[in-house]
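S.K.: Would you mind keeping the following structure in view while I ask a few things?
The values are calculated or read from the model by the stated rules, or taken from the named source; none is laboratory data. Just so it is clear, the model here is predicted, and its values are computed rather than measured. Positions of Cβ are generated from backbone atoms using ideal geometry, with glycine treated the same way; all protein chains shown enter the neighbour counts.
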Amino acid sequence: MYAFTQHRPATVRQAASLLAKQEEAKLLAGGHTLIPTMKLRLAGPKHLIDLSKVEGLTGIEMRGRSLIVGAMTPHVEVQTSPVVKENFPALAELAGKIGDPAVRHRGTIGGSIANNDPNADYPAAALGLGATIITNKRRIPADEFFKGLFETALEPDEIITKVQFPKVNKAAYVKFPNPASRYALVGVFVSKRGSEIRVAVTGAGANGVFRVSAFEQALKKRFGVKSLEGLSVPADGMASDIHGSAEYRAHLIGVLARRAVAAAG
Amino acid sequence: MATATIERLIGKSIKRREDPRFITGRGTYVDDVKLPGTTHAVFVRSPHAHARIKKIDTTAAAKHPGVVAIFTGKDMTGVNSLPCGWLLPDLKVPPHMPLASDAARYVGDPVAVVIAETEDAALDAADKVKVTWDVLPAVSATDKADARTSAQIHEVAPSNVAFKWQIGDAGAVDTAFRNAARVVKKKIVNQRLVANPMEPRACLARYDAATGDLTLWVTSQNPHVHRLLMAAFVLGIPEQKVRVIAPDVGGAFGSKIFLYNEETICSWATRQIKRPVRWTSTRREAFQTDAHGRDHVTEAEMGFAADGKIVGLRVKTIANMGAYLSTFAPAVPTYLYATLLNGVYTIPAIHAHVTGVFTNTTPVDAYRGAGRPEAAYLLERMIEAGAAALKMDTVEIRRKNFIPKFDNGFQTQVALNYDSGNYAAAFDKLLRMLDYRKARSDQEAARKQGRFLGIGFSTYIEACSIAPSKVVGSLGAQAGLYESGKVRVHPTGGVTVYTGSHSHGQGHETTFSQLVADELGIPMEQIEIVHGDTGAIPFGMGTYGSRSASVGGTALLMSLNKIKEKGKKIAAHLLEASPGDIEYANGQFQVKGFPGKAVPFGQVALTAYVPHKYPEGLEPGLEETSFYDPSNFCFPFGAHACVVEVDRDTGQVKVLRYLAVDDVGNVMNPMIVDGMVHGGIAQGVGQALLEGAVYDKDGQLVTGSLMDYCMPRADNLPVLKVDMTKTASPSNPLGIKGCGEAGAIAAPVAVINAITDAIGSEDLAMPATAQTVWQALQKANNRREAA
């Protein structure tokens, strides 16, 4: 690890001003990607802005028909929250499948979404539920937030403060973990909110999380496994590595989407 | 005087004495040893698989604050090549310098060392070492290493061939195949594995300028071998000036047998800078530089008579040695592999030809099982192929071919003479545990519901208790393979045992204590086991090849017998009886038939050190040392079964049941044996389903971390059902055969056979990842549709 200066702001405003002011600064929001990368000397930020002491960034609550999750809320709290379990069981289940207990106690929803790892689970939930990413500056719909591998719509001094999930009628997430990393080799999140259907896929896309409109169209007519029969995703545009070829990933999207629809009921 | 019979401990599942220290974080591993003034070494390694070193510029690095010294290969004058400890006829042995100065030959090959006050300073400075490379063509694939490539790795090895070696009778196989009803042929790949012990390699070297003594703490399975090879062969330091200590070692699986560059360089460097030098491997370095395992590509043919009897076996194997010959590398794909190709079956004609090749990859050497898993995998895949070709039941064909029960000696077609065996008995016991018929009917019922279940078997034999020195010497070993054991009885009756075996997870502190406690009739609490320190123990060969209990244990037994014999003389004198009339029982020396006329062990011990009333001419003291060189290998065997379910949509394999019957001869501690078998099975399931080191065509290690190289975890395994049969080995007085590698040998092929049974495919590569199985399913479907 290269030497760095750690800052511990108390407010989002302080954090944002540090982020704007300091060169080569990074936010620390759990650190489960950043710290290992730094330990391998693949990243060497000069300044780490630790968000753990910033007020008002944690917590889970229903506000009207929306779930609000503070950006610094660790996965374990989403996994075990009675509010989430009651209103968004698919989201609680997804959180419970991230990493291992150590990761779930330190990793945060804001950190995961801001990092936008192409194999992470939360981006699938955000896109699959049509979430709104709330920052210190604005509200960004998930559809406009995820821009590519590790790329988001966030501006250099922008900080996620909350994630807002609209309540849906049905939802499920099915994950096919990479056996080594236990990240998603492919993960499919489906939801139904009135006539709005979302099928979001993580792990498979060469360009990160994406929606499968062909599946969504089919499910819009009738939300059932049968609607997906005979439908597949082309291997074009899929990621390919030693863990899974583009074809295999494309195939898994079909399998997991059917399973997710079945699980969503 | 107490005469109550003391409960025997051998054969009991005594809890491991060492575990409280390990599970409470109080073990002392190399990295826990702290010395004042210690410096930290960081190695500059090649990022290229093959590249000439044009220039190494250390100017900027040397100016970095905290840097103590920087060395390159050119500085290490008078230092010899790391030795290869097993020579084959016509083996090409290229130089393997601790720091490469002409060219780097694999990613991770060290070319310079930066030594600094702190690890961070050393890392920062290492970044500033500028190496100018001339990148050369590289080759990583085992079956592409020969003349077809433009990469020429060593001058001494044209076409990158390290050796060509054969065993058996080629003519007999030709004849057998001509008369065979069927000859089945298969390409069999045994993939490359990374050992990944929990504790990475580490060393700490301290030169004492006042005395000229060098102490090396190192993660080693055999500290004397480390000392001999490093001091005498490489650095030219007299052995008496070197002490090697391998304290608590957190797993090894073979990877810590070998002499590596890093400890050699640190031992050399501490003499230059006259301060202690430490290095602890990162996990990434472990992937790149710990000797890898296996990596065979084989063409195998097995001939069968119409009734299913095997008539012959022909094997052509290419074995990947990696970039250099690691310490015992040439032995693994030859004497530890091809000599086991007789398996537990009657095979009248066998011929094996092995080509060892150099590639631009990490050196390959012994890894748990070392050669024997490769042999078992091959045989058990071939016999499955035979069963399929002859449309025979997989159980029936094995039964038909087992070598019948024997108690003392079976000469194989490939040099070895098995000690004792009852192979059908272990297999039959396994079938009963499995309830084979029910398993088949369950499989059929599941199939009707569209679920793909599969049942797979494996049998195996291994050569353990390595080994008779004369035999291995004639086969090219540059070392003897005996073991030492010293027993020191203290004046008040406590006992310290000094064993040449080394425990890095095996539980010797418990099992050897059980042996001593039983033999001397004293409580385990009175016994200490010392190992892993050349300054304390007699010359020892260490632990690998499932040899500690049988070879190291027997050496201890010999010393214990000497202690008892001497004790009898002392007791006879005290009891005014003849030594011939004294027997030792329940912790006391007594006149035969008169248990009341006795002296306890402690009194004899005290008398030996306070020899006031003492036999004339007898030396004082009670301490004995023995060296045991076994008369033969031991040959544990067994049969394993696996039931899997394959998800037909994704190819995902789930191991539903795993059962094992192992015959490891007599057992000292069943719980420890079960633990070893469990661990071995986990590793074997890992090889079958999860693990595999992958290089790209340029020789970059793609699976360079645990994010990409998949180690087995608890949730990859069902509850294991393990049992034993017991066929005592006549090769050693304890009747022990050895258990350390059994699981890793038997498990991979049991799992693969189960998957091929489930999906009706004949070919399946390891690791059988979901994608691999899905692709095999697609192929099988296409075949069915075409048919």
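S.K.: If you take the residues of segment B:559-577 that are assigned to a helix (DSSP H, G or I) and aliphatic (A, V, I, L, M), which of them is surrounded by the most Cβ atoms within 10 Å (Cβ to Cβ)? Reasoning before the result, please.
M.R.: Quick first cut of segment B:559-577, residues assigned to a helix (DSSP H, G or I) only: B:559-575.
So of that shortlist, the ones also aliphatic (A, V, I, L, M) come out as B:560, B:563, B:570-572, B:574-575.
Values: B:560: 22, B:563: 25, B:570: 26, B:571: 28, B:572: 19, B:574: 18, B:575: 18.
It comes out as B:571.
S.K.: Given the structure, is residue B:768 under 16 Å from residue B:387 (Cα atoms) and crowded, with 24+ Cβ neighbours inside 10 Å? Break it down stepwise before answering.
M.R.: Details: under 16 Å from residue B:387 (Cα atoms): no; crowded, with 24+ Cβ neighbours inside 10 Å: yes.
No; evaluated as a whole, the condition is false for this residue.
S.K.: Take the residues in segment B:745-783 that are within 25 Å of residue B:708 (Cα to Cα) and in a loop (DSSP other than H, G, I, E, B), then tell me which one is farthest from the chain's Cα centre (by Cα).
M.R.: Of everything passing the filter in segment B:745-783, B:763 is farthest from the chain's Cα centre (by Cα).
Let's see how each residue does on (1) touching a residue at least 24 places away in the same chain (Cβ under 8 Å); (2) surrounded by fewer than 22 Cβ atoms within 10 Å (Cβ to Cβ):
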{"position": "B:31", "(1), (2)": "yes, yes"}
{"position": "B:34", "(1), (2)": "no, yes"}
{"position": "B:38", "(1), (2)": "yes, yes"}
{"position": "B:44", "(1), (2)": "yes, no"}
{"position": "B:50", "(1), (2)": "yes, no"}
{"position": "B:54", "(1), (2)": "yes, yes"}
{"position": "B:83", "(1), (2)": "yes, yes"}
{"position": "B:93", "(1), (2)": "yes, yes"}
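S.K.: Going by what's in this entry, would residue A:70 be described as within 14 Å of chain B (Cβ to nearest Cβ), within 30 Å of residue A:173 (Cβ to Cβ), within 22 Å of the chain's Cα centre (by Cα) and touching a residue at least 60 places away in the same chain (Cβ under 8 Å)?
M.R.: Taking the combined requirement at face value, the residue does not satisfy it.
S.K.: Now for a separate question. Return the residue satisfying two criteria in turn: it lies in segment B:142-176 and is surrounded by fewer than 18 Cβ atoms within 10 Å (Cβ to Cβ) and of a type in the set (A, V, I, L, M, F, W, C), and of such residues it is farthest from the other protein chains (Cβ to nearest Cβ). Even if it seems obvious, please write down each step before you answer.
M.R.: Step one: filter segment B:142-176 for residues surrounded by fewer than 18 Cβ atoms within 10 Å (Cβ to Cβ), giving B:143-144, B:146-148, B:150, B:152, B:155-156, B:158-159, B:164, B:166, B:169-172, B:174-175.
Right, trim to of a type in the set (A, V, I, L, M, F, W, C) and you get B:147, B:156, B:170, B:172.
Numbers: B:147: 28, B:156: 34, B:170: 38, B:172: 42 Å.
It comes out as B:172.
S.K.: Could you please give the count of residues in segment A:1-49 that are charged (D, E, K, R) and buried (at least 18 other Cβ atoms within 10 Å of the Cβ)?
M.R.: The initial filter retains those residues of segment A:1-49 that are charged (D, E, K, R), namely A:8, A:13, A:21, A:23-24, A:26, A:39, A:41, A:46.
Cutting the leftovers down to buried (at least 18 other Cβ atoms within 10 Å of the Cβ) gives us A:26.
Qualifying residue count, segment A:1-49: 1.
S.K.: Same structure, new question: Taking residue A:174, is it touching a residue at least 24 places away in the same chain (Cβ under 8 Å), more than 14 Å from every other protein chain (Cβ to nearest Cβ), over 23 Å from residue A:25 (Cα atoms) and of a type in the set (Val, Ile, Thr)? I'd like the intermediate steps shown before the answer.
M.R.: Values: touching a residue at least 24 places away in the same chain (Cβ under 8 Å): yes; more than 14 Å from every other protein chain (Cβ to nearest Cβ): no; over 23 Å from residue A:25 (Cα atoms): yes; of a type in the set (Val, Ile, Thr): yes.
Criteria not met by residue A:174.
S.K.: Moving on. Do you know which of the residues in segment B:108-118 that are part of a loop (DSSP other than H, G, I, E, B) and closer than 22 Å to residue A:3 by Cα is farthest from the other protein chains (Cβ to nearest Cβ)? Don't jump to the end; show me each part of the working.
M.R.: Within segment B:108-118, the first condition is being part of a loop (DSSP other than H, G, I, E, B), and the residues that meet it are B:108-109, B:117-118.
Restricting the remaining residues to those that are closer than 22 Å to residue A:3 by Cα gives B:117-118.
On the way: B:117: 15, B:118: 11 Å.
Residue satisfying both the conditions and the ranking: B:117.
S.K.: While we're looking at this one, here's another question. Pairs, please: C-beta under 6 Å, at least 6 apart or cross-chain, first residue farther than 17 Å from residue A:174 by Cα and in segment A:93-105, second outside any loop (DSSP other than H, G, I, E, B) and not hydroxyl-bearing (Ser, Thr, Tyr)?
M.R.: Cβ pairs passing all conditions: A:104/A:75; A:104/A:76; A:105/A:74; A:105/A:76.
S.K.: Within segment B:345-402, work out how many residues are hydroxyl-bearing (Ser, Thr, Tyr), within 23 Å of the chain's Cα centre (by Cα) and over 18 Å from residue B:143 (Cα atoms).
M.R.: Of the residues in that region, 2 qualify.
S.K.: Being within 24 Å of the chain's Cα centre (by Cα) and charged (D, E, K, R) is the filter here; which residues of segment B:546-572 pass it?
M.R.: Once the filter is applied, which keeps residues that are within 24 Å of the chain's Cα centre (by Cα) and charged (D, E, K, R), segment B:546-572 yields only B:547.
S.K.: Still on this structure, I have one more. Would you check which residues across segment A:219-263 are away from chain B (no Cβ under 13 Å), over 30 Å from residue B:690 (Cα atoms) and buried (at least 22 other Cβ atoms within 10 Å of the Cβ) and list them?
M.R.: Correct list: A:219 only.
S.K.: How many residues are closer than 25 Å to residue B:498 by Cβ and β-branched (Val, Ile, Thr) when one looks only at segment B:567-626?
M.R.: 5
S.K.: Taking the condition of being more than 22 Å from the chain's Cα centre (by Cα) and under 15 Å from residue A:161 (Cβ atoms), how many residues in segment A:18-49 meet it?
M.R.: Total meeting the criteria: 1.
S.K.: A further question on this structure: Can you find a residue in segment A:199-206 that is assigned to a strand (DSSP E or B), touching a Gly at 6+ places or on another chain (Cβ under 9 Å) and within 14 Å of another protein chain (Cβ to nearest Cβ)?
M.R.: So in segment A:199-206, the residues assigned to a strand (DSSP E or B) come out as A:199-202, A:205.
If we keep only those that are touching a Gly at 6+ places or on another chain (Cβ under 9 Å) too, we end up with A:199-202, A:205.
Okay, now just the ones that are also within 14 Å of another protein chain (Cβ to nearest Cβ), so none.
No, there is no match, as no residue in segment A:199-206 is assigned to a strand (DSSP E or B), touching a Gly at 6+ places or on another chain (Cβ under 9 Å) and within 14 Å of another protein chain (Cβ to nearest Cβ).
S.K.: How do the pairs read when you match residues in segment A:112-125 that are over 15 Å from residue A:182 (Cβ atoms) with residues anywhere that are among the acidic types (Asp, Glu) and modelled with pLDDT of 95 or more, using Cβ under 7 Å and keeping only pairs 6 or more apart or on different chains?
M.R.: From segment A:112-125, the pairs are A:116/A:151.
S.K.: Going through segment B:119-140 one residue at a time, which ones are more than 11 Å from residue B:64 (Cα to Cα) and more than 11 Å from chain A (Cβ to nearest Cβ)?
M.R.: Within segment B:119-140, B:130, B:131, B:132, B:133, B:134, B:135, B:136, B:137, B:138, B:139, B:140 meet the criteria.
S.K.: Out of everything in segment B:128-166 that is without any contact (Cβ under 8 Å) to a residue 12 or more places away in the chain and not in a loop (DSSP other than H, G, I, E, B), what residue ends up being farthest from the chain's Cα centre (by Cα)?
M.R.: Residues of segment B:128-166 that are without any contact (Cβ under 8 Å) to a residue 12 or more places away in the chain, as a first pass: B:144, B:148, B:152, B:158.
Going one step further and asking which of them are not in a loop (DSSP other than H, G, I, E, B), we end up with B:144, B:158.
Details: B:144: 28, B:158: 31 Å.
Per the criteria, the residue is B:158.
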